[in-house]
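Trainee: Just passing along the structure, written as structure tokens.
None of the figures in this text is laboratory data; all of them are computed from the coordinates on show. Values in this document were obtained by computation on a predicted structure and should not be read as measured data. Here Cβ is always computed from backbone atoms with ideal geometry, including for glycine, and neighbour counts include all displayed protein chains.
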Amino acid sequence: MNTCAQFCGCGAAIQSIEVVRAESQLIHLAEEMESMSTADDVIKVEGNTITPTYVGRGMEIISLCLDDKYSDSTRIQYARENMARLEKIKSDLVSWAA
């Protein structure tokens, strides 16, 4: 199926908007998770990195977004994969707090 974007040549612009949308949602989720920190589960966001530390159990270091040297499609895919990972971590944090 053809879209308006294919005919007007704005497909790249639409994909760039999708990058911004996906990455901003990811950053918002990371900031939301940071506010969920407890003494046992410390979530720290610094720059482009989120570091969940599970006291006595280990830690993860996750780069939130890829830089401009990667294609838009790669950046969108990376952001979506990170969203899924952070949603899982958030779900775990909520269940552990219960």
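Trainee: With everything on Cα atoms, drop me the angle between helix 72-97 and the longest principal axis of the chain, reported from 0 to 90° to the nearest 10.
Mentor: 30
Trainee: How many nm separate the modelled label positions at TYR54 and TYR70, each set 7 Å beyond the Cα in the direction of the Cβ?
Mentor: Each label point is offset 7 Å from its Cα along the Cβ direction, giving 2.4 nm.
Trainee: Kindly express, to the nearest 10 degrees and within the range 0 to 90, the angle between helix 11-34's C-alpha long axis and the longest C-alpha principal axis of the chain.
Mentor: Approximately 10 degrees, to the nearest 10.
Trainee: If amide hydrogens are placed 1.01 Å from N in the peptide plane, which non-local residues have theirs closer than 5 Å to the one on LEU64?
Mentor: Amide H neighbours of LEU64, under 5 Å, 5+ apart: THR49, ILE50.
Trainee: Hey, of (i) -0.46, -0.70, -0.85, -1.20; (ii) -0.34, -0.64, -0.82, -1.21; (iii) -0.23, -0.52, -0.74, -1.24, which did the structure itself give for log10 I(q)/I(0) by the Debye sum over Cα atoms at q = 0.10, 0.15, 0.18, 0.24 Å⁻¹ when calculated?
Mentor: (ii)
Trainee: Still on this model: Which aspartates and glutamates have a Cα less than 18 Å from the Cα of LYS69, not counting those fewer than 8 places away in the same chain?
Mentor: GLU18, GLU23
Trainee: 7 Å from Cα along Cα→Cβ at both HIS28 and ILE61: what's the point-to-point distance in nm?
Mentor: Simple spin-label model gives 2.9 nm for this pair.
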